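Here's the structure, in structure tokens; my notes come after.
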Amino acid sequence: MERPRHFEDIKVGEERRTYGRTITETDFVVHAGHTGDFFPHHMDTEFMKDHPFGQRIAHGTMTFAIGIGLSASEINPLSFTYGYERLRFPKPVFIGDTIHTVLTIARCEDDPKRPGHGRVIEEVRVWNQREEVVMACDHVYLVERREK
């Protein structure tokens, strides 16, 4: 869904929740193929049997890609991503887990390089079905001001 919003329309504390997405074996295989990351932590069931997690864990980059991808249900054509900061994976994601993303506007500030834009910092938290945060980061994006 397209939802055009100027910088002045975005308020600290706004929250958005996505639908869930169940992680599959195919996700692991396709992501490994795309990235070349075939480490045994992700691909070798026997290797992981004796590991503290007891089973394969999702690639962090896959968790990030899917978690952020879930948020693409709402597009603001007046904004664009500047980057992501403070990326962490506090809990593992396993095959069969269902994740969803919660996005909360944490700060709105001037952009020192672009007077026609404001900078929005959005806290991103990806949760599993056990109500554990499996990924956390800050999404920094630039949004056009109504008046430049």
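The values are calculated or read from the model by the stated rules, or taken from the named source; none is laboratory data. A quick note: this is a predicted structure, and the numbers were derived from the prediction, not measured. Methodologically, a virtual Cβ is constructed for each residue, glycine included, from the backbone with ideal geometry; neighbour enumeration extends over all protein chains shown.
For the stretch 66-98, the set of residues classified as aliphatic (A, V, I, L, M) and surrounded by 15 or more Cβ atoms within 10 Å (Cβ to Cβ) consists of 66, 68, 70, 78, 93, 95, listed by residue number.
Just one residue in the set 63, 101 is among the polar types (S, T, N, Q), in a helix (DSSP H, G or I), surrounded by 14 or more Cβ atoms within 10 Å (Cβ to Cβ) and at pLDDT 95 or above; that residue is 63. Taking the stretch 7-40 as the range and being part of a loop (DSSP other than H, G, I, E, B), in contact with a Leu (Cβ under 8 Å, 6 or more places away or on another chain) and exposed (fewer than 12 other Cβ atoms within 10 Å of the Cβ) as the test, only 19 passes. Scan the stretch 60-91 for residues that are out of contact with any Ser or Thr (no Cβ under 7 Å at 6 or more places or on another chain) and more than 30 Å from residue 6 (Cα to Cα) and jot them down. 60, 62, 90, 91 - these are the residues of the stretch 60-91 that are out of contact with any Ser or Thr (no Cβ under 7 Å at 6 or more places or on another chain) and more than 30 Å from residue 6 (Cα to Cα). Here residue 52 fits the description: surrounded by fewer than 12 Cβ atoms within 10 Å (Cβ to Cβ), outside any helix (DSSP H, G or I) and out of contact with any Asp or Glu (no Cβ under 6 Å at 6 or more places or on another chain).
With respect to residue 102, is the statement that it is free of Cβ contacts under 8 Å to residues at least 60 places away in the same chain and within 15 Å of residue 68 (Cα to Cα) true? Working first, answer last.
Working: free of Cβ contacts under 8 Å to residues at least 60 places away in the same chain: no; within 15 Å of residue 68 (Cα to Cα): yes.
No, not satisfied.
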